[in-house]
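Reading through the structure tokens given below for one structure.
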Amino acid sequence: FKSNFIISGGMGSIFTSADAQVWTPRVSGTDVMLSSIAASPSRAVIVGDFGTVLTSDDGLVWSQRSSGVTNWVYQVRYLNDQFVAVGETGLILTSPDGLSWTRRRSSVDAWLNGLNYVEGNYYIAGSQGVILKSPDSVNWSMLPTSTGKSLYDVAGENGRLLMVGIEGAALRTRVTPWITPVPSRKMGKISLP
């Protein structure tokens, strides 16, 4: 972000680096665990425990923002031109700019751990195999799953969705149909000895 790498962690720590070798500590104004970072073209957002949201327009100076919650905001991503964050007890937050946040109804109490935007839909992976889907980041529905293991992150590409989790759990599926038919092969005669 703005030609800097940014990392965060325990006790409100934030470090930036231009080369990923020499790191400079930055003032966060908090002492909570900061668990995730996302950036839009103009703003970086860091989230953490106790509803913590920090923003910066240069990656160097950070300001606290109100998330409106006290839950742990575990992960934030910049997806489809907005910030979306998930966390403790079914927490989903959205923000167009990282400054003002709106809580969205998830209808679950599980930890929500990871999220992504794939082929026109938002997907969230959560504890105990919870998977949520939304076309608009406002209305969420739970999808059936084949695992009760906690899922921690979501990736997608070329119409495919992958979720990974604890104990090697990996779920994958197509979220869009194949756009070209599978070529047929002509079967030759089979000779038996």
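The set of residues from segment 86-109 being closer than 20 Å to ALA44 by Cα, of a type in the set (S, T, N, Q) and in contact with a strand residue (DSSP E or B) (Cβ under 6 Å, 6 or more places away or on another chain) comprises THR94, SER95, THR102.
For the condition polar (S, T, N, Q), without any contact (Cβ under 8 Å) to a residue 40 or more places away in the chain and more than 18 Å from TYR117 (Cβ to Cβ), THR52 qualifies.
Could you go through segment 12-27 and let me know if any residue there is within 16 Å of the chain's Cα centre (by Cα) and modelled with pLDDT of 95 or more. It would help to see each step written out before you state the result.
As a first pass, look at segment 12-27 and keep what is within 16 Å of the chain's Cα centre (by Cα): none.
Scanning segment 12-27 turns up no residue that is within 16 Å of the chain's Cα centre (by Cα) and modelled with pLDDT of 95 or more.
Confirm whether ALA20 is touching a strand residue (DSSP E or B) at 6+ places or on another chain (Cβ under 7 Å) and part of a strand (DSSP E or B). Here the answer is no, as ALA20 does not meet what is asked. Kindly establish whether GLY90 is farther than 28 Å from SER28 by Cα, at pLDDT 95 or above and open to solvent by less than 10 Å² (accessible area, probe 1.4 Å). No, not satisfied. When PHE5, PHE1 are checked against the criterion of being in contact with a strand residue (DSSP E or B) (Cβ under 6 Å, 6 or more places away or on another chain), of a type in the set (Phe, Trp, Tyr) and open to solvent by less than 60 Å² (accessible area, probe 1.4 Å), PHE1 stands alone in meeting it. When TYR78, TYR74 are checked against the criterion of being within 12 Å of the chain's Cα centre (by Cα), more than 17 Å from LEU151 (Cβ to Cβ) and without any contact (Cβ under 8 Å) to a residue 60 or more places away in the chain, TYR78 stands alone in meeting it. Residue pairs whose Cβ atoms lie under 6 Å apart, separated by 6 or more positions or on different chains, with the first residue in segment 22-40 and free of Cβ contacts under 8 Å to residues at least 40 places away in the same chain and the second surrounded by fewer than 12 Cβ atoms within 10 Å (Cβ to Cβ), are ASP31/MET11. Given the structure, is ASP97 closer than 23 Å to PRO135 by Cα and acidic (Asp, Glu)? Criteria met by ASP97. Take the residues in segment 28-43 that are assigned to a loop (DSSP other than H, G, I, E, B) and among the small types (Gly, Ala, Ser); name whichever of them is surrounded by the most Cβ atoms within 10 Å (Cβ to Cβ). Among those residues, the one meeting the criterion is SER28.
Scan segment 93-106 residue by residue and report those that are in a loop (DSSP other than H, G, I, E, B) and either at pLDDT below 95 or touching a Gly at 6+ places or on another chain (Cβ under 7 Å) (or both). Give the derivation first.
Here is the first cut: in segment 93-106, the residues in a loop (DSSP other than H, G, I, E, B) are 96-101, 105-106.
If the condition is that a residue be in a loop (DSSP other than H, G, I, E, B) and either at pLDDT below 95 or touching a Gly at 6+ places or on another chain (Cβ under 7 Å) (or both), then TRP101, SER106 are the ones that fit.
Among the residues of segment 61-84, those that are under 15 Å from ASN121 (Cα atoms) and part of a strand (DSSP E or B) comprise ARG77, TYR78, LEU79, GLN82, PHE83, VAL84. If only residues of segment 93-135 that are of a type in the set (Lys, Arg) and in contact (Cβ under 8 Å) with a residue 24 or more places away in the chain are counted, the one that is most open to solvent (accessible area, probe 1.4 Å) is ARG105.
Of the residues in segment 58-70, not one is aliphatic (A, V, I, L, M), closer than 17 Å to LEU115 by Cα and buried (at least 17 other Cβ atoms within 10 Å of the Cβ).
The values are calculated or read from the model by the stated rules, or taken from the named source; none is laboratory data. Please read all numbers here as calculations on a predicted model, not as lab measurements. FYI the Cβ positions are ideal-geometry reconstructions off the backbone, even for glycines, and counts take in every protein chain you see. Side chains are part of the model used for accessible areas, which takes the heavy atoms of the whole protein and leaves out ligands, DNA and RNA. Shrake-Rupley method; radii C 1.70, N 1.55, O 1.52, S 1.80 Å.
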